[in-house]
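Take a look at the structure set out below.
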Amino acid sequence: MRNILITGGAGFIGSHVVRLFVNKYPDYHIVNLDKLTYAGNLANLKDIETRPNYTFVRADIADLDEMRRVIREYEIDGIIHLAAESHVDRSIKDPFTFARTNVMGTLALLQAAKEYWESLPERYEGKRFYHISTDEVYGALELTHPEGVDAPFSTKASSGQKHEAYGELFFTEETKYNPHSPYSASKASSDHFVRAYHDTYGMPTIVTNCSNNYGPYQFPEKLIPLFINNIRHRKPLPVYGKGENVRDWLYVEDHARAIDTIFHEGRVADTYNIGGFNEWKNIDIIRVIIRTVDRLLGNPEGYSDELITFVTDRLGHDMRYAIDSRKLQRELGWEPSLQFEEGIEKTVRWYLDNQEWMDNITSGDYERYYEEMYKGR
Ligand SMILES: NC(=O)c1ccc[n+]([C@@H]2O[C@H](COP(=O)([O-])OP(=O)(O)OC[C@H]3O[C@@H](n4cnc5c(N)ncnc54)[C@H](O)[C@@H]3O)[C@@H](O)[C@H]2O)c1
C-alpha cells in the first residue's frame with residue numbers, strides 16, 4: 001500500500017496518527033484530509049508539514065464529489081478514517097451536525113472509495129478502509145464492580161468475564177450496540193454503514209472501538225486539557241454531577257500505535273476493541289490532575305482543590321465505560337506502553353510547556369487564520 005488517506009488528521013488523535021505514519025513510513029504518501037472545523041488545527045502537525053511524503057487537503061468528507069476527486073487524484077490505496085464531530089456536549093446541542101459529518105460524511109467516503117476501487121483492474125486487492133470508532137456505541141455499564149472494588153478498578157484479572165448479577169463487566173467486541181447520546185448514535189450508525197459496505201460490496205473494511213484518549217494536542221473543551229488550563233488560570237473546574245462517572249483512559253500515542261498495527265495486520269471485516277484497562281472515576285482523575293499541575297507549578301499541595309465546582313449533570317450521562325481489549329493483545333500483540341501515572345505526568349508537562357498552542361486556541365486566533373488563508377476556496 002502506498003497512498004494513504006487519513007481523514008481528521010488535524011484533530012487530536014488524527015494528528016498523532018499522521019505523525020506516526022509520516023515518520024515511520026517514508027515510502028508511503030500520507031494525504032491528510034480535514035475540513036478544519038473548530039477542532040482541526042494545523043499547528044498540531046508543524047513538525048512534519050514540510051515532509052516530502054505528506055500532503056494536506058482541506059475538504060469536507062460529506063462532499064461526495066470532492067471525496068471522489070481526492071481519492072482518484074491521489075490514487076488512494078488505504079483509508080484511515082478519523083474525521084468526525086467528537087464532543088458529546090456539542091452533540092446534545094446540535095445533533096444534526098453530528099449526523100451530517102459522522103453518518104453522511106462516512107457514507108460519502110465509503111461510496112467514493114467503492115467507486116474508485118471498483119474501477120481498478122485489481123479492484124479491492126490490497127485496499128483497506130479502516131474506520132475509527134468509540135466505545136460509547138456500546139452504551140453504559142453498571143458502576144458497581146461485582147467484587148465491590150471502588151474505582152479506579154483493578155480489572156486486569158477479571159476483565160471480560162460476565163457476571164450474572166451485574167450484566168457485562170466490560171465492553172467486548174460482541175457487546176450489542178446501545179448508543180445513548182446523539183454523538184454515540186451517529187458513530188454507531190457510521191459503524192453500521194462501514195460493515196454494510198463490506199457485507200454488500202465486499203469492501204475490505206475494519207472497525208475499531210476505543211476508550212477515552214488523553215495526551216498532547218487535545219482540544220481544550222475535553223476534560224483533561226480543559227482542567228489543566230483552568231487550574232493554571234485559577235478558573236473553576238466544572239464537574240458533572242458528583243463526579244462518579246467512570247471512564248477508561250488510554251494514552252493517545254498508544255492508540256496511534258494500535259491503529260498502525262491493526263491497519264497493517266488486522267483481519268478484514270473484523271472489529272477490535274482498544275483500551276488501557278485503566279478506569280477512573282472523573283473526580284479521582286480530577287484530583288490527580290490537580291495534584292500534578294500544582295506540583296509542577298510549585299504550588300503547595302491542595303492549593304487548587306477549591307477550584308472544584310460541581311455542576312448539573314450532563315443529560316443522559318453514561319455511568320461507566322470499560323473496554324476489554326484482550327482480543328487485540330492476544331491476536332496482534334498490542335499492549336498499552338504507558339502506565340497512567342507516567343502518561344498523565346507527560347500530558348500535564350506538555351500542556352504547561354506549550355502555553356502558546358493553548359492560548360492560540362482559547363483566543364480563537366487559529367480559526368481566524370484559517371478563514372483568512374482559505375477565503376473564497
Ligand atoms: N477522543 C477520544 O477519546 C476518542 C475515543 C475513541 C474514538 N474517538 C474517535 O476518533 C476520531 C478522532 O477523534 P478526536 O478526539 O481526534 O476528534 P477531534 O474533534 O479532535 O478531531 C476531529 C477532526 O475531524 C475534522 N472534521 C470534522 N468534521 C469534518 C468534516 N466534515 N470533514 C473533514 N474533516 C472534519 C476536524 O476538523 C478535526 O480535525 C473520531 O472519529 C472519534 O469519534 C475518539
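The values are calculated or read from the model by the stated rules, or taken from the named source; none is laboratory data. Owing to the predicted nature of the structure, the values given are computational and were not obtained by experimental measurement. As a convention, Cβ positions derive from the backbone with ideal geometry for all residues, glycine included, and neighbour counts pool all protein chains shown.
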Report task. Could you tell me whether segment 53-67 includes any residue that is within 13 Å of the ligand (Cβ to nearest atom), touching a Lys or Arg at 6+ places or on another chain (Cβ under 8 Å) and over 13 Å from Thr7 (Cβ atoms)? Result -> no
Requested in this report: Would you check if Glu244 is over 17 Å from Asn44 (Cβ atoms) and either out of contact with any Ser or Thr (no Cβ under 9 Å at 6 or more places or on another chain) or away from the ligand (no atom under 16 Å from the Cβ) (or both)?
Outcome: yes
Requested in this report: Six or more apart or on different chains, Cβ under 9 Å: which pairs go from a residue in segment 251-263 that's within 20 Å of Phe340 (Cβ to Cβ) and in contact (Cβ under 8 Å) with a residue 40 or more places away in the chain to one that's assigned to a helix (DSSP H, G or I) and among the acidic types (Asp, Glu)? Could you list them?
Outcome: Tyr251/Glu342
Requested in this report: Please state which one of Thr208, Thr200 is among the β-branched types (Val, Ile, Thr), part of a strand (DSSP E or B) and either more than 17 Å from the chain's Cα centre (by Cα) or within 16 Å of the ligand (Cβ to nearest atom) (or both).
Outcome: Thr208
Query raised in the report: Restricting attention to segment 18-47, which residues are more than 8 Å from the ligand (Cβ to nearest atom) and touching a strand residue (DSSP E or B) at 6+ places or on another chain (Cβ under 6 Å)?
Result: Val18, Phe21, Val22, Tyr28, His29, Ile30, Val31, Asn32
Report task. Report, by residue number, each residue of segment 106-135 that is within 11 Å of the ligand (Cβ to nearest atom), part of a helix (DSSP H, G or I) and touching a residue at least 60 places away in the same chain (Cβ under 8 Å). Result -> Thr106, Leu109, Asp135
Query raised in the report: Of all helices (runs of 4 or more DSSP H) completely enclosed by segment 289-375, which ones contain at least 1 residues that are closer than 27 Å to Val88 by Cβ and over 23 Å from the mean Cα position of the chain (by Cα)?
Result: 365-373
Query raised in the report: Got at least one residue in segment 92-99 being under 17 Å from Val31 (Cα atoms), touching a residue at least 12 places away in the same chain (Cβ under 8 Å) and buried (at least 23 other Cβ atoms within 10 Å of the Cβ)?
Result: no
Query - Residue ID - surrounded by the fewest Cβ atoms within 10 Å (Cβ to Cβ), chosen from residues in segment 211-224 that are assigned to a loop (DSSP other than H, G, I, E, B) and at negative phi - result: Glu221
Query - Condition broken by Arg234, with the remaining ones in (1) more than 30 Å from Asn3 (Cβ to Cβ); (2) at pLDDT 95 or above; (3) outside any loop (DSSP other than H, G, I, E, B); (4) touching a Leu at 6+ places or on another chain (Cβ under 8 Å) satisfied - result: (3)
Query raised in the report: When segment 229-256 is examined, which residues are found to be β-branched (Val, Ile, Thr) and more than 19 Å from the chain's Cα centre (by Cα)?
Result: Ile231, Val239
Report task. Those residues that are at pLDDT 95 or above, surrounded by fewer than 17 Cβ atoms within 10 Å (Cβ to Cβ) and either over 30 Å from Val17 (Cβ atoms) or in contact with a strand residue (DSSP E or B) (Cβ under 6 Å, 6 or more places away or on another chain) (or both), I need them from segment 288-306; list them, please. Result -> Arg295, Leu297, Gly298, Asn299, Pro300, Asp305, Glu306
Query raised in the report: Taking segment 82-102 on its own, how many of its residues are within 11 Å of the ligand (Cβ to nearest atom), in a helix (DSSP H, G or I) and modelled with pLDDT of 95 or more?
Result: 6
Query raised in the report: Just one of the numbered conditions (1) more than 12 Å from the ligand (Cβ to nearest atom); (2) touching a residue at least 40 places away in the same chain (Cβ under 8 Å); (3) surrounded by fewer than 17 Cβ atoms within 10 Å (Cβ to Cβ) is not true of His233; which one?
Result: (2)
